[in-house]
């Protein structure tokens with residue numbers, strides 16, 4: 001699936017690792033929350049960044065102690081009418097202070113991108129078949145907002161937290 005950040009199509013270095021197979025020794029991995037919590041200590045010797053995929057029903061405070069070690073948090077939109085991931089994103093950014101990459105996945109639409117950016121999303125995993133040009137223009141589609149939003153800077157690349165090292169022990 002194409003990945004959009006700041007209106008640009010970018011390469012995605014992350015690999016989802018959802019099955020029970022052994023974790024590879026290197027590479028950037030996205031793990032389901034349950035696997036991250038269960039096998040986090042096995043990440044200590046890995047070379048590569050760690051990310052987590054949260055269902056929109058998950059309580060983001062479950063990962064509060066892990067946030068400094070996570071380079072990526074993906075939040076799911078199972079339907080474009082389900083806005084729970086908006087609330088999760090806002091909590092991660094404003095209440096918990098998460099500064100890594102925040103990615104919207106699932107049923108995301110370009111006309112929602114500006115709103116998603118206002119709550120802290122950096123990148124969007126879009127479905128194949130969606131118009132890339134529309135997505136490239138989406139961040140600038142709405143230039144005026146009447147309410148306050150998350151005013152964090154765009155994430156270009158996560159810098160490893162020295163407390164976690166390149167392979168955080170969670």
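The values are calculated or read from the model by the stated rules, or taken from the named source; none is laboratory data. Every value quoted in this text rests on a predicted model; they were computed, and no experiment measured them. Note that each Cβ is placed from the backbone with ideal geometry, even for glycine, and that neighbours are counted across all protein chains shown.
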Quick one: count up the residues across segment 68-93 that are touching a strand residue (DSSP E or B) at 6+ places or on another chain (Cβ under 9 Å), in a helix (DSSP H, G or I) and either within 14 Å of residue 116 (Cβ to Cβ) or modelled with pLDDT of 90 or more (or both).
7
Considering only segment 65-77, state which residues are more than 15 Å from residue 105 (Cα to Cα) and in contact with a helix residue (DSSP H, G or I) (Cβ under 9 Å, 6 or more places away or on another chain).
66, 67, 69, 70
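Just to check your reading of the model, which residue among 43, 29 is in contact (Cβ under 8 Å) with a residue 60 or more places away in the chain, over 23 Å from residue 138 (Cα atoms) and not in a loop (DSSP other than H, G, I, E, B)?
On the way: 29 fails: in contact (Cβ under 8 Å) with a residue 60 or more places away in the chain.
Every option except 43 fails the conditions.
Looking at residue 97, is it surrounded by fewer than 17 Cβ atoms within 10 Å (Cβ to Cβ), in a loop (DSSP other than H, G, I, E, B), in contact with a helix residue (DSSP H, G or I) (Cβ under 9 Å, 6 or more places away or on another chain) and modelled with pLDDT of 80 or more?
On the way: surrounded by fewer than 17 Cβ atoms within 10 Å (Cβ to Cβ): yes; in a loop (DSSP other than H, G, I, E, B): yes; in contact with a helix residue (DSSP H, G or I) (Cβ under 9 Å, 6 or more places away or on another chain): yes; modelled with pLDDT of 80 or more: yes.
Yes, satisfied.
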Of the numbered conditions (1) modelled with pLDDT of 90 or more; (2) surrounded by 13 or more Cβ atoms within 10 Å (Cβ to Cβ), residue 142 fails exactly one; give the number of that condition.
(1)
